[in-house]
1. Being in a helix (DSSP H, G or I), at pLDDT 90 or above and crowded, with 21+ Cβ neighbours inside 10 Å narrows it down to one residue among VAL55, VAL48; which is it?
2. For VAL18, state whether it is out of contact with any Asp or Glu (no Cβ under 8 Å at 6 or more places or on another chain) and surrounded by 21 or more Cβ atoms within 10 Å (Cβ to Cβ).
3. Which ones in segment 93-121 are in contact with a Ser or Thr (Cβ under 9 Å, 6 or more places away or on another chain), surrounded by 14 or more Cβ atoms within 10 Å (Cβ to Cβ), at pLDDT below 90 and over 15 Å from ARG53 (Cα atoms)?
4. Working only within segment 72-92, note down all residues that are surrounded by fewer than 24 Cβ atoms within 10 Å (Cβ to Cβ), part of a helix (DSSP H, G or I) and either in contact with a Leu (Cβ under 8 Å, 6 or more places away or on another chain) or of a type outside the set (D, E, K, R) (or both).
5. Of all residues in segment 8-23, which are β-branched (Val, Ile, Thr) and either more than 12 Å from LEU64 (Cβ to Cβ) or not in a helix (DSSP H, G or I) (or both)?
6. Search segment 21-36 for residues being in contact with a His (Cβ under 9 Å, 6 or more places away or on another chain) and surrounded by 13 or more Cβ atoms within 10 Å (Cβ to Cβ), and hand back the single one that is nearest to MET1 (Cα to Cα).
7. Within segment 49-75, work out how many residues are of a type in the set (A, V, I, L, M) and either in contact (Cβ under 8 Å) with a residue 60 or more places away in the chain or within 13 Å of ARG117 (Cα to Cα) (or both).
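The values are calculated or read from the model by the stated rules, or taken from the named source; none is laboratory data. In this text the structure is predicted, and so the values were computed from the model without any measurement. We place every Cβ from the backbone using ideal geometry, glycine too, and count neighbours over all the protein chains shown.
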Amino acid sequence: MVEELAGLVRAGVPIRAVHLTVRELFVARIERGPVGSREVSEAVEAMVRAASRLVRDLDAPDELVETVCRAALEAVRGHGGETAQWFPEATSAAYVVLDELASEGVGDERWRRVARRLSQW
């Protein structure tokens, strides 16, 4: 996931393309095999961590993290079936990562704002 996102950031693709790519990657992960709440939550967590790493390491725009959160959660909700029932767990996983980022003290207020908006998605 980090390499996919890094390639998009380095190529300077529009944030909308990042959004679509993350959704597609997430849906592909779901469709690869049987997944449960744990796998869905771990995938969301990995995506949010990857985005935050790129913001920190490649000086990607802050909106990358919010875009990745939103796209991953949309994929969970929009995929339907059993996957949609794990939306609360996926949201919680994203919130935990954002809270950790805020606790690290680097850009803490921006991550708190994104975390607060999670409940509105």
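1. Values: VAL55 fails: at pLDDT 90 or above.
When all the criteria are applied, what remains is VAL48.
2. Criteria met by VAL18.
3. Once the filter is applied, which keeps residues that are in contact with a Ser or Thr (Cβ under 9 Å, 6 or more places away or on another chain), surrounded by 14 or more Cβ atoms within 10 Å (Cβ to Cβ), at pLDDT below 90 and over 15 Å from ARG53 (Cα atoms), segment 93-121 yields only LEU118.
4. Matches in segment 72-92: LEU73, GLY78, HIS79, GLY81, THR83, ALA84, PHE87, PRO88, THR91, SER92.
5. Of segment 8-23, the ones β-branched (Val, Ile, Thr) are 9, 13, 15, 18, 21-22.
Scanning segment 8-23 gives a single hit, VAL13.
6. Within segment 21-36, the subset in contact with a His (Cβ under 9 Å, 6 or more places away or on another chain) is 26-27, 30-31.
Applying the additional criterion that residues be surrounded by 13 or more Cβ atoms within 10 Å (Cβ to Cβ) yields 26-27, 30.
Numbers: PHE26: 10, VAL27: 13, ILE30: 14 Å.
Checked segment 21-36; the qualifying residue nearest to MET1 (Cα to Cα) is PHE26.
7. So the count comes out to 3.
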